[in-house]
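**Student:** I have a structure I would like to understand better, so I am pasting it below and will then ask my questions one at a time.
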Amino acid sequence: MYRRMFALFALAAFAISACNLPSGQGATEEVDDLALTITAQALILQQPGGGDPGQGQQPGGGKPAFTATPQFTATPGPTSTPSVPQITVSVNTNCRTGPGVVYDLIDSLLVGQTGEIVGKNSGVPNYWVIKRLNGSGTCWLWGQYATVTGNTSNLPEYPVPPTPTPTKTATPTATSTFTPTPTLAPPAAVDNVAVAKVCIPLILPIYNYTGNLTWQDKSNNEDGFNIYFNGGLFTTLPANSTSFPIPPLPFAAGTPAKWGVEAYNAAGKAAIKDTTFLCP
């Protein structure tokens, strides 16, 4: 490369000296053009890496510019939140091992708390099976003061647990001192069970069966009353109750609706007294 540069500079010097020779105007112009061409070639050779810009280099010897390829970032789609049936209460409510006060009290749902519903029993429509808030497992919550949110149509059916058997008292031995305890008798059966029915037509022949169930309390030692509908336990009321507002239940006209009332205490249950009505 240095030999080429030396030859070009020598040729340029010769061309410039030729300008001083006495010759015609055309010869001078040719010498000038030759000098300019030689100078341009020398400048090209002086550039770093001087050569053909097309050989993987930028004009002037620079390296080709690198442009980063933009990366694509996937945007995660929306996640769906499963609908879990939940329950709240307007009055502090006990939660038991079964649907009724005859079952053991194992938990409670207080005002301001939220429980998760995990099951139901269609034969006992006023109770919900929920996860315990203060322990493991489940319990049955009375729905009289409850508000339910979420889809409950697909909840599994829970069987009603057997009624607890009272614990037997140990027989005293001959050497022990035994103080007899007054024996508690079962309560007397209620009387005068009746329904003041209300028939609300929906899409005929379907009616909403509702009204007010009443009875006469004939004992003073009951712990409460079990309310039955068509043979199944519907709800439980406290002692000294004498009425129950029947919630609207849709049935075809002429379908019998049988409501029964049973007094109970720790000693046992009285006979169920019932009444039947139909709409319209």
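**Student:** Quick check: anything in region 197-210 in contact with an Asp or Glu (Cβ under 8 Å, 6 or more places away or on another chain) and outside any strand (DSSP E or B)? Steps first, answer last, please.
**Tutor:** Going through region 197-210, the residues in contact with an Asp or Glu (Cβ under 8 Å, 6 or more places away or on another chain) turn out to be none.
Looking for residues that are in contact with an Asp or Glu (Cβ under 8 Å, 6 or more places away or on another chain) and outside any strand (DSSP E or B), one finds none in region 197-210, hence no.
**Student:** Look at region 218-249 and say how many of its residues are part of a loop (DSSP other than H, G, I, E, B), in contact with a strand residue (DSSP E or B) (Cβ under 8 Å, 6 or more places away or on another chain), under 20 Å from Thr93 (Cβ atoms) and not hydroxyl-bearing (Ser, Thr, Tyr). Please lay out each step first, then the result.
**Tutor:** Keep residues of region 218-249 that are part of a loop (DSSP other than H, G, I, E, B), which gives 218-223, 230-231, 239-242.
Next, from what is left, pick out any that are in contact with a strand residue (DSSP E or B) (Cβ under 8 Å, 6 or more places away or on another chain): 218-219, 221-223, 230-231, 239, 241-242.
Subset that is under 20 Å from Thr93 (Cβ atoms): 223, 239, 241.
Right, trim to not hydroxyl-bearing (Ser, Thr, Tyr) and you get 223, 239.
Residues meeting the conditions: 2.
**Student:** Read through the list (1) under 30 Å from Pro182 (Cα atoms); (2) in contact with a Gly (Cβ under 6 Å, 6 or more places away or on another chain), then give the number of the only condition that Tyr264 fails.
**Tutor:** Tyr264 satisfies all of (1) under 30 Å from Pro182 (Cα atoms); (2) in contact with a Gly (Cβ under 6 Å, 6 or more places away or on another chain) except (2).
**Student:** I'm trying to understand the selection: among the residues of region 209-232, which are surrounded by fewer than 16 Cβ atoms within 10 Å (Cβ to Cβ), under 17 Å from Lys258 (Cβ atoms) and free of Cβ contacts under 8 Å to residues at least 60 places away in the same chain?
**Tutor:** Within region 209-232, Asn212, Asn230, Gly231 meet the criteria.
**Student:** Taking region 83-129 as the search range and keeping residues that are within 23 Å of the chain's Cα centre (by Cα) and under 14 Å from Pro159 (Cα atoms), which one is surrounded by the fewest Cβ atoms within 10 Å (Cβ to Cβ)?
**Tutor:** Val118
**Student:** Which pairs have Cβ atoms under 9 Å, sit 6 or more apart or on different chains, and link a residue in region 236-261 that is on the phi > 0 side of the Ramachandran plot and in the same structural domain as Asn220 (by TED's automatic domain parsing) to one that is of a type in the set (Asp, Glu) and not in a strand (DSSP E or B)?
**Tutor:** Asn240/Asp217; Asn240/Glu222
**Student:** While we're on this one: Can Ile200 be described as out of contact with any helix residue (DSSP H, G or I) (no Cβ under 7 Å at 6 or more places or on another chain) and under 14 Å from Gly254 (Cα atoms)?
**Tutor:** Values: out of contact with any helix residue (DSSP H, G or I) (no Cβ under 7 Å at 6 or more places or on another chain): yes; under 14 Å from Gly254 (Cα atoms): yes.
Yes.
**Student:** Also: I'd like to know if region 176-194 contains one or more residues that are in a loop (DSSP other than H, G, I, E, B), in contact with a Leu (Cβ under 9 Å, 6 or more places away or on another chain) and modelled with pLDDT of 90 or more. Break it down stepwise before answering.
**Tutor:** Step one: list which residues in region 176-194 are in a loop (DSSP other than H, G, I, E, B), which gives 176-190.
Within this subset, residues satisfying the condition of being in contact with a Leu (Cβ under 9 Å, 6 or more places away or on another chain) are none.
No, that holds for no residue.
**Student:** I'd like the full set of residues that are surrounded by 12 or more Cβ atoms within 10 Å (Cβ to Cβ) and hydrophobic (A, V, I, L, M, F, W, C), limited to region 239-254.
**Tutor:** Correct list: Ala239, Phe244, Ile246, Leu249, Phe251, Ala253.
**Student:** Still on this structure, I have one more. Find the strands (runs of 3 or more DSSP E) located wholly in region 80-163 whose residues include 1 or more that are closer than 23 Å to Glu222 by Cα, and list them. Lay out the reasoning, then the answer.
**Tutor:** Numbers: elements: 86-89, 93-96, 105-109, 115-119, 127-131, 138-142, 146-149.
By residue number, 93-96, 105-109, 127-131, 138-142.
The values are calculated or read from the model by the stated rules, or taken from the named source; none is laboratory data. Here the structure is a predicted model, which is why all the values come from computation and not from measurement. All Cβ positions, even for glycine, are placed from backbone atoms using ideal geometry, and neighbour counts span all protein chains on display.
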